[in-house]
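> One structure follows; several queries about it will come next.
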């Protein structure tokens, strides 16, 4: 049986780790290299870095930061934010990232997913999907894809885009549910389960982790293959080790250290 992965997420803004609520109101959460080193010691299965303002501000990718991190850490690293071309993805993977996560540019140019997958394989190609629950003028609720760090709605349905990305070559989806992000009130189990059931590739749940129980819920009820979290790990509310022990005690297969 495949083990479930626990993945800290480092949102980076101009070289510092930050944490916000529903993608905004960010506060400083430390140095990314120090955080990465600590998470490796703590037993994280992977690490995700997102440059959360690169696309919105039109800035380039964070190649130098990736190089600094991989000099210190040996766990798999996924990097996203500001990746607009195959060349951007190539630079990050050559710098030491194991996977690249594309979002805004992939929505505008879906062939980018295929280009990366053809050159580096599905295993290196991640769709970062920023999703929000939106209520229209009739009061009906739908799940919509957002880009540019959650600032710009696209009108695209979350399930449609998930299936399309898989067809294009994505090997994994990181589902960032904006309504839950930073609230520590729990993942969006309904949306996560729907996306997980709609595709055959792994889905990483993101947004809302506040306790080990929340992570257990999203890995079971939410059908996620992995759980990404930030606030509870950055601010030491819970450790990766304690979360994994809790999961193991409840029958979830995890890698213990």
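> Compactness ratio of the stretch 108-233: Cα Rg over 2.2 N^0.38 Å, N = residue count?
The reported ratio for this selection is 1.03.
> Let's test the formula: R0 of 41 Å, r as the Cβ-Cβ distance of residue 136 and residue 111. What FRET efficiency results, to the nearest 0.05?
Once rounded, the FRET efficiency stands at 0.85.
> Would you mind giving the three semi-axes, in whole Å and largest first, of the ellipsoid equivalent to the chain according to its Cα gyration tensor?
24, 22, 18
> Still on this structure, I have one more. Once you put a point 7 Å from the Cα of residue 74 and another 7 Å from the Cα of residue 213, both along the Cβ direction, what distance in nm separates them?
Here the modelled spin labels are 3.8 nm apart.
> Cut-off is 10 Å between beta-carbons; in what order do 50, 187, 39 appear when sorted fewest neighbours first?
39, 50, 187
> Further question on the same structure: Packing-wise, with mean Cβ within 10 Å as the measure, how do 41-47, 211-217 rank, highest first?
Answer by packing, highest mean first, reads 211-217, 41-47.
> At a threshold of 8 angstrom on Cα-Cα distance, excluding pairs fewer than six apart, so keeping six or more, what relative contact order does the stretch 5-249 reach in percent?
Dividing the mean separation by the residue count of the stretch 5-249 yields 17 percent.
> Sort all Cα-Cα distances of the stretch 63-130 into consecutive 10 angstrom bins from zero, then give the percent of pairs in each bin up to the one containing the longest distance.
Over the stretch 63-130, the share of Cα pairs per 10 Å bin runs 23, 56, 20, 1 percent.
> Ok, one more. Among 51, 157, rank each residue by its count of other Cβ atoms within 10 Å, from fewest to most, as a rough exposure measure.
157, 51
> Sort the following peptides by mean Cβ neighbour count (other Cβ atoms within 10 Å, averaged over residues), highest first: 170-181, 219-230.
Final packing ranking: 170-181, 219-230.
> Can you give the FRET efficiency for residue 34 and residue 152, using 1/(1 + (r/R0)^6), R0 = 35 Å, r = Cβ-Cβ distance, to the nearest 0.05?
0.60
> With a 10 Å radius around each residue's Cβ, average the other Cβ atoms per peptide and rank 87-93, 244-250, 128-134, highest first.
Ranked from most to least packed, the peptides come out as 128-134, 87-93, 244-250.
> Related question: Using only helices, what value at 222 nm comes out for the chain when you add -39,500 (n - 2.57) per DSSP H run of length 4 or more and divide by the total residues, to the nearest 500 deg cm²/dmol?
Counting only the DSSP helices, I get -10000 deg cm²/dmol.
> What is the diffusion coefficient of the stretch 182-236 in µm²/s, taking the Kirkwood radius over Cα pairs and the Stokes-Einstein relation at 20 °C with a viscosity of 1.002 mPa s?
196 µm²/s
> So, one more: Taking 0.36 nm per residue of sequence separation and subtracting the Cα-Cα distance, how much length would be gained by fully extending the chain between residue 64 and residue 248, in nm to one decimal?
The residue 64-residue 248 span can extend by a further 62.6 nm.
Where a number appears in this text, it was derived from the coordinates with a stated rule and is not lab data. Bear in mind that the values here come from a model prediction, so they are computed numbers and not experimental data. Positions of Cβ are backbone-derived with ideal geometry, glycine not excepted, and every protein chain shown enters the neighbour counts.
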